[in-house]
Amino acid sequence: MKKSIKNELFLLGTKGGPAIRPKGSMPSSSLLVLDNEKIIIDAGLGVTKSLTDIGFNLNELSNIFITHLHSDHYLELGPLIHTAWTTGLTKKIKIYGPKGLVDYWQKFLLSMQHDIKNRIKSEGRISLKKIVNIIPIKKEFFKVGKIKVKFIKVPHPPLKESYAYKFIGSKKIVFSGDTRYFQPLASFSKKSDVLVHEAILPEYIDQIVKKTGLSLKLKKHLKSSHTKLDEVIKIAKLSNCKMLVINHLIPNDNTKKQKIEWQKKVNNKINTKVIVGQDNLRIRIS
Ligand SMILES: [Zn+2]
Ligand SMILES: [Zn+2]
């Protein structure tokens, strides 16, 4: 990655939900480059390859924020860290998120114990356990270098812990995480430079439920745990953010046609600049 890069957001995976389909988009992960700090937000399937594809050196892995423990946001967390370790990562890394991450990480290490032990013994690698620090969300804010990170708990039933994060440096960037319509997010993201918000098109819910072959339970979850596009626009208006990035799109089949459809549904509804997310999209923050 070039040294001159200052503030940028890379959307790596922009799909809402865990299933992946031929030529489709990938689950949630993003890289925020803010004041030269590189911060990963969520580690859904595909994050490791997407990061290296944009030129990110895995040795630079340092801070990862997980919004909540749905697999489309952390399925590849362990493999990402493990791969960074085998790539030569020796610096300590910090993983922030719900307290269940502690358990996840311990069990991941257990599941890979044969490999890890062998690599330490036969390749002379340092202890993987020692370079990872899992930090459950508790205190009021965190610091990543000079960046202040604030959070609020957002409603995403049935999960008890789902977080929105705000990164405050020379720019203010907010990630909603997965949430149903939650008006406090508007004040949380007041005058932010970028609001990255999840969104669902409710008219697609029946089609999605049919495609997955699942029951009314999924339908209920989609309706009660995510934010409709019109509601996202409302939050963005109330917040007066400078840019709205629509992310974690439900549906997101990665076709041009669908992207145009999303775009049409936001056109003329808000004066703020709106970007409809897509995988591997690089957004300059100025
Ligand atoms: Zn999700
Ligand atoms: Zn979720």
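Data overview
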| item | result |
| --- | --- |
| Helix 77-87 vs. the chain, principal-axis angle (Cα, 0 to 90°, nearest 10) | 40 |
| Crossing angle, helix 113-123 versus the chain [Cα axis fit, 0-90 degrees, rounded to tens] | 50 |
| Size descriptor, Kirkwood hydrodynamic radius, that averages inverse alpha-carbon separations across the range 157-286, Å | 15.2 |
| Relative contact order of the range 163-266, defined on C-alpha pairs under 8 angstrom at six or more residues apart (%) | 33 |
| Among the listed pairs 166/190; 38/153; 234/265; 94/139; 153/237; 150/190, those beyond 18 Å (Cα-Cα) | 38/153; 153/237 |
| Size of the range 92-222 as Cα extents on the principal axes (Å, biggest first) | 55, 45, 21 |
| The chain: antiparallel DSSP beta bridges as a percent of all, rounded to 5 | 55 |
| The chain: C-alpha gyration tensor shape, a/c 1.5 cut-off, then a/b vs b/c | prolate |
| Among 14, 214, 238 the positive-end extreme of the charge dipole of the chain (Cβ point charges) | 238 |
| Where trypsin sites (Lys or Arg not before Pro) fall in DSSP loop in the range 1-68, at most 13 other Cβ within 10 Å | 2, 3, 23 |
| Check: the chain dipole with +1 on Lys, Arg Cβ and -1 on Asp, Glu Cβ, in debye | 540 |
| Taking 75, 32 and counting other C-beta atoms within 10 Å, the order from fewest to most | 75, 32 |
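Coordinate-derived values only; no laboratory data. In this text the structure is predicted, and so the values were computed from the model without any measurement. Neighbour counts are summed over all protein chains in view; Cβ atoms, including those assigned to glycine, are modelled from backbone coordinates with ideal geometry.
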